[in-house]
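Notes for the one structure printed next.
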Amino acid sequence: MSLNKYDHIIPIGSNCRIGMALRDLGLRKKAFPLDWTLTTSKSIYECFLDNFNNFLNINSCREQNLKHIIDFKHIINFQYNVNITHEPCLNTETIEKYKRKVDNLHSVLEQSNRILLIRNMLDCQILDVIHSDIARQEEKQGRKHYDLEWIYKTKDLLSEKYENLQVDLLIIYYDESNVLHKRKDVIYETSNIRRVGKEWDRFACQDILRRMM
């Protein structure tokens, strides 16, 4: 498999490490709405199902600071349950920026021949409180963070909606126990990068993508 055969590579969570790795390797052609977010697997499906219509606006989002966990200002989309971690303020400038990102995504889905969706599941092994909080949210809802049901549904949704678009899916996982059900039409990869440091999964994602270039 070669990444060069794709018109675009689109990160679909669960954190910002795929976006970082794509940028580090010069593979990030456009900015997309999920690049710098924390998401549950169901969040991803609901965003695409709703065409990201309420991804970032005053009706679906609010500013948040989880001071009882860490002093970190960010935006939370309470409709889709998406943590927009790299945006501290909900203002006109931020809303317009994310409107452009959503427009980029729609344009790519409509005009491309082949895209690759990448879901990073390494953060279920991350000690950082903000990143691990998304896994706890899913567990409270009775789902494992690495349950791929809604990610598979996202792939199928896009394949059905865009008939002329080939949608491939890459799952990056920590170990075999993180993959409850594999599909033949999905790519699965892991890395031997040591789990050391706050951003070890960023370098693990880099390692995987570099091997695929």
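The values are calculated or read from the model by the stated rules, or taken from the named source; none is laboratory data. For clarity, every value in this text was computed on a predicted model and none was experimentally measured. Every residue, glycine among them, receives a Cβ derived from its backbone with ideal geometry; neighbour counts consider all protein chains shown. Side chains included, ligands, DNA and RNA excluded: accessible areas come from the protein's heavy atoms. Shrake-Rupley method; radii C 1.70, N 1.55, O 1.52, S 1.80 Å.
Structure values in brief
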quantity: Of the criteria (1) modelled with pLDDT of 95 or more; (2) in contact with a helix residue (DSSP H, G or I) (Cβ under 7 Å, 6 or more places away or on another chain); (3) farther than 15 Å from ILE44 by Cβ; (4) open to solvent by 40 Å² or more (accessible area, probe 1.4 Å), which one GLU189 fails; calculated: (1)
quantity: Only one of GLU199, GLU176 that is over 14 Å from SER2 (Cα atoms), touching a residue at least 60 places away in the same chain (Cβ under 8 Å), of a type in the set (Asp, Glu) and open to solvent by 50 Å² or more (accessible area, probe 1.4 Å); calculated: GLU199
quantity: Of all residues making up the range 15-39, the number that are under 18 Å from TYR98 (Cα atoms), touching a residue at least 60 places away in the same chain (Cβ under 8 Å) and in a loop (DSSP other than H, G, I, E, B); calculated: 7
quantity: Single unsatisfied condition, GLY26 versus (1) open to solvent by 50 Å² or more (accessible area, probe 1.4 Å); (2) in contact with a His (Cβ under 7 Å, 6 or more places away or on another chain); calculated: (2)
quantity: Options LYS42, LYS97: the member that is within 14 Å of the chain's Cα centre (by Cα), surrounded by fewer than 21 Cβ atoms within 10 Å (Cβ to Cβ) and assigned to a helix (DSSP H, G or I); calculated: LYS42
quantity: Whichever residue in the range 137-159 is within 19 Å of SER107 (Cβ to Cβ) and open to solvent by 20 Å² or more (accessible area, probe 1.4 Å) and, among such residues, is farthest from the chain's Cα centre (by Cα); calculated: SER159
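Residue-wise test of (1) in a helix (DSSP H, G or I); (2) modelled with pLDDT of 90 or more; (3) among the aliphatic types (A, V, I, L, M).
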| site | (1), (2), (3) |
| --- | --- |
| ARG62 | no, yes, no |
| VAL108 | yes, yes, yes |
| GLU138 | yes, no, no |
| ARG143 | no, no, no |
| THR154 | yes, yes, no |
| LEU157 | yes, yes, yes |
